[in-house]
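*Asks:* Before I ask anything, here is the structure I am working with.
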């Protein structure tokens, strides 16, 4: 699953061949769990999950160029995390530096980390995501 966050806080969810998850996700959208209220800072009169601005897209990345781009960017983020945490070893000279530089470029053009991983004022769900996010990307 990939998600795109709109600068004003909206979310678009995109799934790449996640057939098993499709029905579970649709069910969750129809009856959102309570944790979504605090995670998305739902206001009293606001509809649940109203930050999702479009229907979830279930597509094969082979057929959609922007999904391929998202896969490409996720690959570098994952590679960066693995190299920084010592979970994988560099395969060539300067790989750590190159991947780190590419990751910085990706993160620079992405939504600010402060919008994803709040440093303070986190709800229980946000705190869980923050705790499990690798330090190299928060």
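The values are calculated or read from the model by the stated rules, or taken from the named source; none is laboratory data. All of these numbers come straight from a predicted model, not from anything done at the bench. Heads up, the Cβs are rebuilt from the backbone with ideal geometry, glycines too, and the neighbour counts pull from every protein chain shown.
*Asks:* So which helices (runs of 4 or more DSSP H) stay within the range 82-138 end to end and still have 1 or more residues that are more than 14 Å from the chain's Cα centre (by Cα) and surrounded by 15 or more Cβ atoms within 10 Å (Cβ to Cβ)?
*Replies:* Qualifying helices (runs of 4 or more DSSP H): 95-108, 124-132.
*Asks:* Check every one of the strands (runs of 3 or more DSSP E) wholly within the range 1-72 and list those with 2 or more residues that are at pLDDT below 75 and farther than 21 Å from residue 113 by Cβ.
*Replies:* Answer list for the range 1-72: 11-16, 57-59.
*Asks:* Could you give me the residue pairs with C-beta distances under 7 Å whose first residue belongs to the range 59-75 and is closer than 17 Å to residue 105 by Cβ, whose second residue is part of a helix (DSSP H, G or I) wherever it lies, and which are 6+ apart or on separate chains?
*Replies:* 71/61; 73/106
*Asks:* A further question on this structure: Does at least one position in the range 68-77 carry a residue that is within 30 Å of residue 37 (Cα to Cα), surrounded by 14 or more Cβ atoms within 10 Å (Cβ to Cβ) and more than 15 Å from the chain's Cα centre (by Cα)?
*Replies:* Within the range 68-77 (the criterion being within 30 Å of residue 37 (Cα to Cα), surrounded by 14 or more Cβ atoms within 10 Å (Cβ to Cβ) and more than 15 Å from the chain's Cα centre (by Cα)), the answer is no, since none of the residues qualifies.
*Asks:* Let me ask something additional. Just checking, which of 138, 78 is over 23 Å from residue 26 (Cα atoms) and touching a residue at least 24 places away in the same chain (Cβ under 8 Å)?
*Replies:* Checking each option against the conditions leaves just 138.
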